[in-house]
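> Sending over a structure as structure tokens; questions will come in a sec.
The values are calculated or read from the model by the stated rules, or taken from the named source; none is laboratory data. Remember, it's a predicted structure, so these values are computed and weren't measured experimentally. Cβ atoms come from the backbone with ideal geometry, glycine included; neighbour counts cover every protein chain shown.
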Amino acid sequence: RSVRLTPVGEPYAVAVREALDQLALATQTATSRHSGSTLNVSTSDGFAGKWLVPRLYRFHRAHGDIDVRVSTTGRLTNFRGDGIDVAIRYGGGHYHGLTSEFLTGEEVFPVCSPKLLEGPHPLRHPQDLKHHTLIRDGYRIDWAAWLASAGVEGVDPNSGLTFDSATFAVESAVQGEGVVLGRTMLVSADLATGRLVRPFDHALKAVSSFYLVYPLEAIRQRKVKAFRDWLFSEIEPG
């Protein structure tokens, strides 16, 4: 025994649900447009730790009445259920029923502490990696792919250190523990400050890219529009 919608009722339910979602969003927009509010941002721990958080002070300086809460997760966001306003996602950019704006693409290449360019086994050529610890973070382009593309043999791509967090993997390389496959957005700041260096020029183009994702009507909210515009202004110069 169960209750099911009729063939007529099923499309009606979808239309009503969408209308209710738009009504809830319009109400939120109307109540927060002229006052300070909280912006809930969902992204990965790597993007948050190595790119977003170090720059957030500039957003707060320009929009002091908007509080930002950052949630780090790798799973897809349920915007209404999780209370998320915008998400920064790494993928193909196709998110049904949502606005998806391309932020930036990436390259993948080895990075390490400057101290590894010296010592008894300085990193000068990719083959020199056999003398150093490889650091991994579970990213889809792994050491096996990079070593093969660079024509390197005799280096075990599965040896070394493994972290679940990209932030920890990069920080391990900063401390001189080994060499990590860096991704453009996650190592740009450390490269700029000299905490990390690129020992080789060879890089792989990443298939996925970063996208700003949000519900269709969310851009009408002042806090979402402000964050969206600020995000693009931060990425464009770099």
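> Answer with yes or no whether THR133 is under 29 Å from SER100 (Cα atoms), of a type in the set (Val, Ile, Thr) and touching a Gly at 6+ places or on another chain (Cβ under 8 Å).
Details: under 29 Å from SER100 (Cα atoms): no; of a type in the set (Val, Ile, Thr): yes; touching a Gly at 6+ places or on another chain (Cβ under 8 Å): yes.
Spelling it out, it is not the case that THR133 is under 29 Å from SER100 (Cα atoms), of a type in the set (Val, Ile, Thr) and touching a Gly at 6+ places or on another chain (Cβ under 8 Å).
> Okay, next question. Kindly indicate which of GLY92, GLY119 is of a type in the set (Gly, Ala, Ser), surrounded by fewer than 13 Cβ atoms within 10 Å (Cβ to Cβ) and under 25 Å from ILE235 (Cβ atoms).
GLY92
> Here's a follow-up. How many of the residues making up the stretch 203-229 are in a helix (DSSP H, G or I) and under 16 Å from the mean Cα position of the chain (by Cα)? It would help to see each step written out before you state the result.
Applying the first criterion (in a helix (DSSP H, G or I)) to the stretch 203-229 yields 218-220, 222-229.
Filter once more, so that each one left must be under 16 Å from the mean Cα position of the chain (by Cα): 227-228.
Number satisfying all stated conditions: 2.
> If you go through the stretch 72-86 one residue at a time, how many are modelled with pLDDT of 80 or more, among the hydroxyl-bearing types (Ser, Thr, Tyr) and assigned to a loop (DSSP other than H, G, I, E, B)?
Result for the stretch 72-86: 0.
> Of all residues being of a type outside the set (Val, Ile, Thr) and touching a strand residue (DSSP E or B) at 6+ places or on another chain (Cβ under 7 Å) in the stretch 219-238, which is nearest to VAL180 (Cα to Cα)? Just the residue, please. So that I can check it myself, show each step before the final result.
First, the residues of the stretch 219-238 that are of a type outside the set (Val, Ile, Thr): 220-223, 225-234, 236-238.
If we keep only those that are touching a strand residue (DSSP E or B) at 6+ places or on another chain (Cβ under 7 Å) as well, we get 223, 226-228, 231.
On the way: LYS223: 36, ALA226: 35, PHE227: 31, ARG228: 31, LEU231: 27 Å.
Ranking the qualifying residues of the stretch 219-238, first place goes to LEU231.
> Search the stretch 138-161 for residues that are surrounded by 14 or more Cβ atoms within 10 Å (Cβ to Cβ) and pair each with any residue that is assigned to a loop (DSSP other than H, G, I, E, B) and of a type in the set (Phe, Trp, Tyr) when their beta-carbon atoms are under 8 Å apart and the residues are at least 6 apart or on different chains.
Filtered contacts from the stretch 138-161: ALA150/PHE200.
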